[in-house]
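The values are calculated or read from the model by the stated rules, or taken from the named source; none is laboratory data. As the structure is a prediction and not an experimental result, all values here were calculated from the model. All Cβ positions, even for glycine, are placed from backbone atoms using ideal geometry, and neighbour counts span all protein chains on display.
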Amino acid sequence: MSFRFVHGADLHLGAPMGLRSIPPGWEAHIEMLDRNLLDRVAAFCCAEDVDFLILAGDIFDNPHPHLRLQRSFVQAMEQLDDAGVHCFLIEGNHDAGVWDRFAFPLPARVHRFGKELGEIKIRLRSNNQEISIWGASFAVEHRGRPVVDAFPNALQSDWAAVVFHAEQASQGRYHPFLHKDLAYSPFAYHALGHEHSFQQLQNPALVYPGIPQARHRAEVPASGICLVEVQGKQQQVTSVDVAAVQWRTEEIAVDGLDENGVFQRCVNLVQRCHDQHTQPVIVCLQLTGTSTDHRGWSSKARVEEFLEALREETRWLQGVWLESLEYVGWPAVDRTTLTDRDDFLGEVFRQLTNEEPLRDVDQILSHCNQELCWAAVYEEARRQLLGAFNENLDGDEGHVD
């Protein structure tokens, strides 16, 4: 038996982008985000000539999607139906009950699962073999009950998958289960949704594809959708990026650079992000490393001014938006001066080797003798170290978005 299918989840269509405001010229990118994401998923399925698509819940961000978004979803399903691709859909905790309020009919090859575990059989157009897809939508009234408790003991199909929306936990609010609970599962593939990062476990095969489109900085990087290739009892899973808008978090080392050097390095990185992507891209920058001007970079006002200057410098780059700038560096410290001190701090630094970094106070103290394990001594040592690095180290941190 040989065939291919796509497994996606957590599209969260209709969710807002986590931007402070819509960047200049980005109105069309934001307005068309969900439609473009759906088009990219459908186009990939057609290009790869897969037999079916699984969407494992939270297709929409809420159970009341706008009519225009409903229509965009149906048009994507129609494109797949015309290509002979079956689609299997379940509801997640975000969009539970969405089909009860849907205004438009779905094509014939789109199959929806209810709250109770059910089975749908299809014949693969690639080889005319029959397979079985089982699934259950997220049920609010049963959310504490594991779906795995309803699994059948045996199956009659040569190959079968199960689709459900759940969290990996011993207890929880979202149909909790553990991988070990699937030890006696009769299914060859477990298509999961809910967790937003790509995860693949074996024996038995369990896959969370993660989110295909990041909506805010905390979701960076997005995962994608999964192309699954079945060859007999072997299954190869490949994560595929289909994001309509890319998010990039990039680090800029400030070691040995003056303000102009940092500025030019930031501009060059934003330029590279523009050149590397055909889709719109949102960039979040972090300034890292050791700076002789740590106190200046720790000023939120200065970082904000620097961000505005960078945005002005890169405004001509179409489809790129510099969303945030954050300073997470550490002050430059003269190791020799600290080592020569005739006090407690000098004793601390004389215990260190030249290879040990001077950026993390707790890491420095971890290399010292066991006397520092006493809580009172440790806290005093930590206080003195912070003071030695920079008297204003605990002040306003530079972070702007």
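Candidates in segment 168-184 are the residues that are assigned to a loop (DSSP other than H, G, I, E, B) and buried (at least 16 other Cβ atoms within 10 Å of the Cβ); of these, the one that is nearest to the chain's Cα centre (by Cα) is Tyr174. Selection of first residues in segment 337-348 that are among the small types (Gly, Ala, Ser) and of second residues that are at pLDDT below 70, restricted to Cβ pairs under 6 Å at least 6 apart or on distinct chains, gives an empty result.
Among the strands (runs of 3 or more DSSP E) confined to segment 31-131, the ones with at least 2 residues that are free of Cβ contacts under 8 Å to residues at least 24 places away in the same chain and assigned by TED's automatic domain parsing to the domain that holds Val228 are located at 118-123.
Please indicate, with yes or no, whether at least one residue in segment 23-30 is without any contact (Cβ under 8 Å) to a residue 12 or more places away in the chain and either outside any loop (DSSP other than H, G, I, E, B) or out of contact with any helix residue (DSSP H, G or I) (no Cβ under 6 Å at 6 or more places or on another chain) (or both). Looking for residues that are without any contact (Cβ under 8 Å) to a residue 12 or more places away in the chain and either outside any loop (DSSP other than H, G, I, E, B) or out of contact with any helix residue (DSSP H, G or I) (no Cβ under 6 Å at 6 or more places or on another chain) (or both), one finds at least one in segment 23-30, hence yes. Here's a check for you: in segment 155-167, which residue that is among the aliphatic types (A, V, I, L, M) and not in a loop (DSSP other than H, G, I, E, B) is farthest from the chain's Cα centre (by Cα)? Within segment 155-167, the match that is farthest from the chain's Cα centre (by Cα) is Ala160.
For segment 320-328, does any single residue satisfy the condition of being closer than 30 Å to Trp26 by Cβ and over 25 Å from the mean Cα position of the chain (by Cα)?
No, every residue in segment 320-328 fails to be closer than 30 Å to Trp26 by Cβ and over 25 Å from the mean Cα position of the chain (by Cα).
Return yes or no: is Asn153 surrounded by fewer than 19 Cβ atoms within 10 Å (Cβ to Cβ), without any contact (Cβ under 8 Å) to a residue 12 or more places away in the chain, not hydroxyl-bearing (Ser, Thr, Tyr) and not assigned by TED's automatic domain parsing to the domain that holds Asp275? Answer is no for this residue.
Taken together, the residues in segment 150-209 that are under 26 Å from Gly97 (Cα atoms) and either in contact with a Cys (Cβ under 7 Å, 6 or more places away or on another chain) or among the basic types (Lys, Arg) (or both) amount to 3.
Scanning segment 261-281 for residues that are out of contact with any helix residue (DSSP H, G or I) (no Cβ under 9 Å at 6 or more places or on another chain), polar (S, T, N, Q) and not in a helix (DSSP H, G or I) gives a single hit, Thr278. Scanning segment 274-312 for residues that are farther than 12 Å from Val262 by Cα and within 26 Å of the chain's Cα centre (by Cα) yields His274, Asp275, Gln276, His277, Thr278, Gln279, Pro280, Val281, Ile282, Val283, Cys284, Arg311.
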